[in-house]
Amino acid sequence: MSATKLSSTIHIPQHVGIEKLLLGLTMRHITVCFLRTWEVRNFEREGELVSLDALLINAKDSLIHASIHHQRIPHFQKLVQVGKVYTISNFEVVPAYERYKVTNNVSSIRFTDTTEVVEDVSNEIPIKVESFRLSTYPEYLALSNTNIQLLGQILSVQGFNLHDPTSTQKIVMLLLLEEGTTVRVTGGIGFSTDYHTRPISDST
């Protein structure tokens, strides 16, 4: 009788792009750069720490919001550093919180007790370390209700259902101004409706 040789294989989580993540717990992994991290606090409870959040970007410039529950912060905070690239696996994908949405991604990720974070030191994946501009709340508040008009050429328009005139989804326009600088204009429901119902020329 011949002996049967049994072999075991090691399961390696499959890589997936941020834009293709599905809701729920996933064994797949993503390779991303930590652009920013910040503490989320509940000021209605005397500044109680809620979570450590992060903005992640991959090689395709796709962004996603990540959150680490305050009880897990001591473990993960020592594993990650802003500006470095990591491979993350075994996390949970949940719908993005609309009220405090920091990207256009409809999903966000949550670190769990089984989430694994490994630094990528190969330098084979080109990922930007900067992809957006930060502004303080007073700076935005100073621009409110000022009726400032921007004249420029529309370079690109991003958003969902751009060809649906009834859509009220948020859209983002990239404008080229006369002095050669570019600005990103984000519009809410009213702005989106106006964009869909009025003809748009090369300049606005």
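The values are calculated or read from the model by the stated rules, or taken from the named source; none is laboratory data. Worth saying up front: this structure is predicted, and the values here are computed from it rather than measured. Neighbour counts run over all protein chains shown; Cβ positions are idealised from the backbone, glycine included.
Between a residue in segment 94-110 that is in a loop (DSSP other than H, G, I, E, B) and any residue that is hydroxyl-bearing (Ser, Thr, Tyr) and surrounded by 16 or more Cβ atoms within 10 Å (Cβ to Cβ), which pairs come within a Cβ distance under 6 Å, given they are 6 or more apart or on different chains?
Close Cβ pairs (under 6 Å, with a partner that is hydroxyl-bearing (Ser, Thr, Tyr) and surrounded by 16 or more Cβ atoms within 10 Å (Cβ to Cβ)) amount to ALA96/SER107; ALA96/SER108.
Quick check: anything in segment 136-156 within 16 Å of the chain's Cα centre (by Cα) and modelled with pLDDT under 80?
Looking through segment 136-156, none of the residues is within 16 Å of the chain's Cα centre (by Cα) and modelled with pLDDT under 80.
Taking only pairs six or more apart or across chains, which ones have beta-carbon atoms under 9 Å, a first residue in segment 22-38 that is in the same structural domain as HIS69 (by TED's automatic domain parsing), and a second residue that is of a type in the set (Asp, Glu) and part of a strand (DSSP E or B)?
Filtered contacts from segment 22-38: LEU23/GLU92; GLY24/GLU92; LEU25/GLU92; THR26/GLU92; HIS29/GLU116; ARG36/ASP53; THR37/ASP53; TRP38/ASP53.
Quick one: would you say LEU79 is over 18 Å from ARG99 (Cα atoms) and touching a His at 6+ places or on another chain (Cβ under 6 Å)?
Values: over 18 Å from ARG99 (Cα atoms): yes; touching a His at 6+ places or on another chain (Cβ under 6 Å): no.
The answer is no for LEU79.
Starting from residues that are in a loop (DSSP other than H, G, I, E, B) and of a type in the set (A, V, I, L, M), keep the ones in segment 112-134 and report whichever is modelled with the highest pLDDT.
Step one: filter segment 112-134 for residues in a loop (DSSP other than H, G, I, E, B), giving 112-115, 120-134.
Keeping just the survivors that are of a type in the set (A, V, I, L, M) gives 121, 125, 127, 129, 134.
Details: VAL121: 80, ILE125: 66, ILE127: 72, VAL129: 63, LEU134: 61.
Only one residue tops the list, namely VAL121.
Determine the pairs where a residue that is of a type in the set (D, E, K, R), located within segment 58-83, has a partner that is surrounded by fewer than 18 Cβ atoms within 10 Å (Cβ to Cβ) and at pLDDT below 90 with Cβ atoms under 9 Å apart, the partner being 6 or more residues away or on another chain.
Listed pairs, sorted by first residue: LYS60/GLY17; LYS60/GLU19; ASP61/LYS128; ASP61/SER131.
Among the residues of segment 40-49, is there at least one that is at pLDDT 85 or above and either closer than 16 Å to THR103 by Cβ or in a loop (DSSP other than H, G, I, E, B) (or both)? Explain how you work it out, then say what you get.
So the first thing to find is which residues in segment 40-49 are at pLDDT 85 or above, and the list is 40-42, 48-49.
When the remaining residues are screened for being either closer than 16 Å to THR103 by Cβ or in a loop (DSSP other than H, G, I, E, B) (or both), the result is 40.
Checking segment 40-49: at least one residue is at pLDDT 85 or above and either closer than 16 Å to THR103 by Cβ or in a loop (DSSP other than H, G, I, E, B) (or both).
Of all residues in segment 38-81, count the ones that are within 22 Å of GLY17 (Cβ to Cβ) and surrounded by 11 or more Cβ atoms within 10 Å (Cβ to Cβ).
Initially, segment 38-81 is screened for residues within 22 Å of GLY17 (Cβ to Cβ), giving 53-68, 80.
After this cut, where a residue has to be surrounded by 11 or more Cβ atoms within 10 Å (Cβ to Cβ) as well, the list is 53-59, 62-68, 80.
So the answer is 15.
Would you please name the residue that is surrounded by the fewest Cβ atoms within 10 Å (Cβ to Cβ), looking only at residues in segment 82-109 that are under 20 Å from ILE127 (Cβ atoms) and among the small types (Gly, Ala, Ser)?
So, considering only residues that are under 20 Å from ILE127 (Cβ atoms) and among the small types (Gly, Ala, Ser), the one surrounded by the fewest Cβ atoms within 10 Å (Cβ to Cβ) is GLY83.
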